[in-house]
1. Output the number of the condition that residue 48 fails; it satisfies all remaining conditions of (1) within 17 Å of the chain's Cα centre (by Cα); (2) over 18 Å from residue 75 (Cβ atoms); (3) at pLDDT below 65.
2. Go through (1) of a type outside the set (A, V, I, L, M, F, W, C); (2) in contact with an Asp or Glu (Cβ under 9 Å, 6 or more places away or on another chain); (3) modelled with pLDDT of 85 or more and name the single condition residue 68 misses.
3. Which residues, counting only those in the stretch 108-125, are within 22 Å of residue 33 (Cα to Cα) and part of a loop (DSSP other than H, G, I, E, B)?
4. When residues of the stretch 51-61 are filtered for being in a loop (DSSP other than H, G, I, E, B) and either modelled with pLDDT of 90 or more or surrounded by 11 or more Cβ atoms within 10 Å (Cβ to Cβ) (or both), how many remain?
5. Could you check residue 75 against (1) at pLDDT 90 or above; (2) farther than 16 Å from residue 121 by Cβ and say which number it fails?
6. Out of all the residues in the stretch 1-41, which are crowded, with 16+ Cβ neighbours inside 10 Å, modelled with pLDDT of 85 or more and either of a type in the set (Val, Ile, Thr) or assigned to a strand (DSSP E or B) (or both)?
7. Take the stretch 82-107 and flag every residue that is over 14 Å from residue 65 (Cβ atoms) and either of a type in the set (A, V, I, L, M, F, W, C) or not in a loop (DSSP other than H, G, I, E, B) (or both).
8. Restricting to the stretch 64-89, what's the tally of residues that are under 17 Å from residue 38 (Cα atoms) and either exposed (fewer than 14 other Cβ atoms within 10 Å of the Cβ) or in contact (Cβ under 8 Å) with a residue 60 or more places away in the chain (or both)?
Amino acid sequence: MRTMLRNRQSFYYASLVSADMGTSGDMYTELTYEYDNPTKKEGVITAANGEAETQLFGADERYDKVVTLNPGEDYLEVGSVLWVDTLPEIKPDESTDTPYDYVVTKVGKSLTGFVVVAIRKVDVS
């Protein structure tokens, strides 16, 4: 019931492959991240953060929406990026230049096997 087909919506995600700290002489410059190509997935995505979700992950965790996935599905990892409000334009080589709009901040698994994922809205230019 929690992830009925009619409530599911498509989104794309990409897992974090590596994070490198750039250097210039003795100074660290900027941290660069490398992600996999976007992969399409479906799940139930809440409209916005609310009281029930706040209790689910704790009061201090900052997130904007929650994604619920079926038991047995591959779950998203902390640090993965998502395209939820804006779907990416996929190139022939399966990569994209479309900026992602959410980042996974927390992953939890319920007693019934459902996976709940807290995501935070980000602005990537």
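The values are calculated or read from the model by the stated rules, or taken from the named source; none is laboratory data. Every value quoted in this text rests on a predicted model; they were computed, and no experiment measured them. No Cβ is skipped: glycine too gets one built from the backbone with ideal geometry, and neighbour counts run over all protein chains shown.
1. (3)
2. (2)
3. Quick first cut of the stretch 108-125, residues within 22 Å of residue 33 (Cα to Cα) only: 117-125.
Answer for the stretch 108-125, where residues must be within 22 Å of residue 33 (Cα to Cα) and part of a loop (DSSP other than H, G, I, E, B): 122, 123, 124, 125.
4. Applying the first criterion (in a loop (DSSP other than H, G, I, E, B)) to the stretch 51-61 yields 58-61.
Filter once more, keeping what is either modelled with pLDDT of 90 or more or surrounded by 11 or more Cβ atoms within 10 Å (Cβ to Cβ) (or both): 61.
Looking only at that region, the number is 1.
5. Of the numbered conditions (1) at pLDDT 90 or above; (2) farther than 16 Å from residue 121 by Cβ, the odd one out for residue 75 is (1).
6. 11, 12, 13, 14, 16, 35, 41
7. 87, 90, 96 - these are the residues of the stretch 82-107 that are over 14 Å from residue 65 (Cβ atoms) and either of a type in the set (A, V, I, L, M, F, W, C) or not in a loop (DSSP other than H, G, I, E, B) (or both).
8. 15
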